[in-house]
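Input: a single structure, listed below in structure tokens.
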Amino acid sequence: MQFSTVPKNLILLNALPPNDTHPKEDWQSFGPTNIELNSLKVPNLRKLLTTSQIKWSEKLTPDSYNTPFENIFARFLEWPIEEGRLPFAQMRAIERELINKTANSDGEWALITLCNWNVQQGQVSFTADAQSLGITHAESAQILNDMQPYFKEDSIELFFDSNLKEGQWLAFSPHFKALSCASVDKVKGLAIDDYLIGKGPSSSHPSSNKLRRLQNEMQMLLYNHPINDARSVHINSFWISGCGEIPKGQLNNAAHISQLNNNILIQDVLSFESEPRATLTSVSELKEFWTQSWEHLDSRLLVDYLDSFKLAEHNTSISLCNDSESITLVGAKHGWGHQIKQAFSSKKLSSLLHV
């Protein structure tokens with residue numbers, strides 16, 4: 001992959017080492033596994049680090065409603081960082097030219113994502129979204145048609161758009177105003193008891209009871225729905241996310257939003273491999289696969305950013321994320337003294353990246 005003009009802001013998902021799973025109370029006792037990071041064969045990343053400086057770095061606690069990636073993306077879109085209030089739904093509504101097609105002018109946008117919840121020993125977990133369960137757009141449209149009367153009765157308008165991922169819709173309602181929601185990426189694979197509507201930041205929201213009741217009704221509707229007849233893992237609920245309002249100065253300037261968005265390239269390290277992704281059955285296999293993918297990405301993509309960083313172009317950045325922390329680097333001009341010191345200093349990537 002070679003770009004004649006590279007996107008200004010590169011965001012690398014899963015670029016920091018995979019974290020092991022720890023209970024929340026042990027949060028302070030663990031961090032990224034630096035052994036894997038330091039053993040990477042990534043010459044271009046190492047070159048970039050010798051001509052870079054940290055623009056942002058962040059470590060989120062487990063109870064955060066945002067992911068590190070979402071906060072970085074929001075900064076590049078010039079949005080204020082609000083917990084569970086990053087307006088991804090409104091941005092998509094603007095892109096789909098749906099802003100002026102709502103019956104009600106008073107409300108906010110949200111993303112509705114079909115999914116599977118699993119209940120074991122009284123604990124609710126978010127197993128997978130509907131796209132991961134293989135839903136098609138035709139099936140998604142069928143379920144929307146069946147659910148729409150219930151949503152409409154609660155003053156929620158639903159919008160189907162095939163440009164959204166399968167099993168996801170846009171929605172508009174007064175009930176979403178000032179509502180804080182964790183994203184699907186935040187909760188996928190986790191116990192969600194603390195992220196449900198009516199908990200955490202939404203505990204005092206005036207519409208929390210109504211929205212939870214609607215979720216319960218749709219769970220009953222989906223229980224015997226034909227969409228699940230051939231599925232081993234059923235689509236049995238929906239998730240609300242992406243609420244929030246884009247700054248007023250951007251609302252009438254769709255071209256500006258589009259330009260900011262076009263300056264961002266998002267790449268998942270775990271999907272940047274030369275061979276098709278295999279089924280990973282253990283932590284060791286994941287780490288091996290992650291290492292191979294990172295080294296492949298280094299040779300195919302990061303080389304395109306070397307010149308920009310050498311020229312200290314501050315409008316060019318590279319962000320590295322995992323599920324709990326991130327670091328954003330920009331080019332920086334250093335004198336010969338710094339370069340000589342850098343040549344003889346620690347070559348540990350974990351030290352250079354300050355993780």
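The values are calculated or read from the model by the stated rules, or taken from the named source; none is laboratory data. For clarity, every value in this text was computed on a predicted model and none was experimentally measured. A quick note on method: Cβ atoms are made from the backbone with ideal geometry, for glycine too, and the neighbour counts reach across all protein chains shown.
So, Ser308, is that one surrounded by 17 or more Cβ atoms within 10 Å (Cβ to Cβ), modelled with pLDDT under 90 and among the polar types (S, T, N, Q) or not? Here the answer is yes, as Ser308 does meet what is asked. Among the criteria (1) surrounded by fewer than 20 Cβ atoms within 10 Å (Cβ to Cβ); (2) modelled with pLDDT under 95; (3) closer than 30 Å to Asn253 by Cα, the one Val119 does not fulfil is (3). Figure legend. Inter-residue proximity from region 101-124: first residues touching a residue at least 40 places away in the same chain (Cβ under 8 Å), second residues among the β-branched types (Val, Ile, Thr) and assigned to a strand (DSSP E or B), beta-carbon distance below 6 Å, spacing 6+ or different chains. Indicated pairs: Ala110/Ile240; Asn116/Thr127; Trp117/Val124. Among the residues here, Glu166 qualifies as part of a loop (DSSP other than H, G, I, E, B), at pLDDT 95 or above and outside the structural domain of Phe69 (by TED's automatic domain parsing). Of the candidates Trp290, Trp239, the single residue that is surrounded by 14 or more Cβ atoms within 10 Å (Cβ to Cβ), within 23 Å of the chain's Cα centre (by Cα) and outside the structural domain of Gly134 (by TED's automatic domain parsing) is Trp290. The set of residues in region 104-115 that are exposed (fewer than 15 other Cβ atoms within 10 Å of the Cβ) and modelled with pLDDT of 90 or more contains only Asp106. Take the residues in region 123-176 that are acidic (Asp, Glu) and under 19 Å from Asn100 (Cα atoms); name whichever of them is surrounded by the most Cβ atoms within 10 Å (Cβ to Cβ). Only one residue tops the list, namely Glu157. Looking at Leu286, Leu280, Leu329, just one residue is closer than 26 Å to Pro68 by Cα, modelled with pLDDT under 85 and outside any helix (DSSP H, G or I), and that residue is Leu280. Selection over region 110-143 of residues that are within 14 Å of Asp161 (Cα to Cα), in a strand (DSSP E or B) and not aliphatic (A, V, I, L, M) gives a count of 1.
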